Structure formats: C-alpha cells, structure tokens
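Here the structure comes first, spelled out in structure tokens, and everything after it is commentary.
The values are calculated or read from the model by the stated rules, or taken from the named source; none is laboratory data. This one's a predicted model, so the numbers in the text were calculated from it and none came from an experiment. Don't worry about glycine lacking a Cβ; one is built from the backbone with ideal geometry, like all the others, and counts go over all protein chains shown.
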Amino acid sequence: SSRPEPDPQVQCVIFVLEGQLQLLIDGKTHQLEAGGYAYIAAGTKWSCRNNAAQPVRFSWIRKVYESVDGIDAPECFITSDKEVAPSPMPDTDAWATTRFVDGKDLRHDMNVNIVTLMPGGSIPFAETHVMEHGLYVLEGKAVYRLNQDWVEVQAGDYMWLRAFCPQACYAGGPGKFRYLLYKDVNRHMKLKL
C-alpha cells in the first residue's frame with residue numbers, strides 16, 4: 001500500500017507475525033521479519049510492501065493520538081522482540097513482559113507489549129484494569145479467565161476485554177504461552193463521547 005493511513009491523527013503499531021514486511025517511513029526503508037515491531041507516529045508519511053515470495057502476516061493496531069499540552073508527541077521507532085529483553089514480573093520466573101515503550105514515557109498514550117508465561121505459569125489472581133484492552137495469542141495454549149468463565153485459548157485467538165473485566169490466566173503447557181497485549185495508557189478515560 002502506498003497510502004495505508006489516510007487519517008493524519010492516527011498513530012499505529014505494526015507487529016510482524018510471519019514473513020517479511022518492508023516499511024518506508026519518512027523516506028527511510030526498514031525490513032521487518034517475524035517479531036518485528038514498528039511504532040509509527042500520527043502524521044507520519046509511510047507505506048508498506050511485501051517484496052518476498054511468501055505471504056506476510058502482521059497485526060496493525062491503529063489509534064487516534066491523544067495529545068497533551070506540554071508533552072511532545074513520540075517519534076517513530078523500529079525494533080523487534082529479539083532486541084528487547086523481557087522483564088520478569090516480581091517474585092516469579094514464569095511470567096515476563098516484553099515492553100517496547102517505557103511505561104514512564106508519558107508521550108505514549110497506548111502500549112503494545114508481549115506477555116510470556118512459561119509452562120505452569122499463571123496470573124494467579126483476578127486482576128482488573130481501568131481501560132479496555134486486546135490480546136492476540138501468538139504462541140501456545142492456556143485457559144484465560146474472562147469475567148467468571150475460564151476459556152481455552154490458543155495461537156491465533158483474539159480477546160477484547162472491557163474495562164474492569166476480571167481476568168486471570170494459567171498456561172498449562174507444553175510450551176510457552178505468548179500474547180500481544182494492547183492497552184491505552186497515560187491518559188484519563190473518556191467519560192463522554
């Protein structure tokens with residue numbers, strides 16, 4: 001696509017699931033392979049192309065950027081899950097999060113991370129969040145608590161959780177359970193449209 005984003009207010013994250021994706025961002029070419037991550041700031045001129053013989057699959061997460069007076073907008077950046085070390089959750093070695101953006105960077109109003117649970121790993125309590133968020137399962141199988149129900153999920157499944165939805169997870173194995181996690185951050189929830 002030579003013009004994938006028609007709305008200059010929209011920022012996005014592209015995460016390559018398989019294949020190779022060529023991105024042209026402000027005149028500079030980037031080649032992303034599986035695990036490749038691109039944050040493209042609102043108002044950026046960009047295009048994408050598959051020059052390979054094999055198909056490319058990627059998640060494209062779009063959001064209108066919510067600016068804040070006195071805080072600069074973030075710049076575009078390219079990385080991959082191979083370049084960012086997962087951060088273990090406190091007091092466990094069975095659950096880690098790959099954070100592509102520092103949570104203290106208030107310029108960003110959304111985060112797209114990877115959560116990894118090792119076989120037998122769990123989110124051992126029912127947690128809730130003030131924001132809606134989406135999960136796309138990248139690898140493995142698990143049971144995920146959504147409200148009061150435990151649902152079996154596996155690679156390719158997608159979940160959208162409303163604000164304050166009680167959730168938990170158990171990754172029974174045999175391999176790792178990994179999912180791409182989207183959520184709004186660093187802004188107040190909208191109370192009216």
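Observations
- Any hit, the stretch 46-68, residues being touching a residue at least 60 places away in the same chain (Cβ under 8 Å) and in a loop (DSSP other than H, G, I, E, B): yes
- VAL56 closer than 25 Å to TRP160 by Cβ and surrounded by fewer than 16 Cβ atoms within 10 Å (Cβ to Cβ): no
- One residue stands out among those in the stretch 1-45 that are part of a loop (DSSP other than H, G, I, E, B) and acidic (Asp, Glu): the one that is modelled with the lowest pLDDT, which is ASP26.
- A search for C-beta distances below 9 Å between a residue of the stretch 118-131 that is closer than 14 Å to ASP93 by Cβ and any residue that is exposed (fewer than 11 other Cβ atoms within 10 Å of the Cβ), counting only pairs 6+ apart in sequence or on different chains, returns MET118/ASP93; PRO119/PRO174; GLY121/ASP93.
- Taken over the stretch 69-86, residues that are more than 14 Å from ALA42 (Cβ to Cβ) and in a loop (DSSP other than H, G, I, E, B) amount to 8.
- Inter-residue pairs, beta-carbon under 6 Å, first within 18 Å of PRO124 (Cβ to Cβ) and in the stretch 84-107, second part of a loop (DSSP other than H, G, I, E, B), 6+ apart: ALA94/MET118; ALA94/GLY121; TRP95/MET89; TRP95/GLY121; ALA96/PRO86
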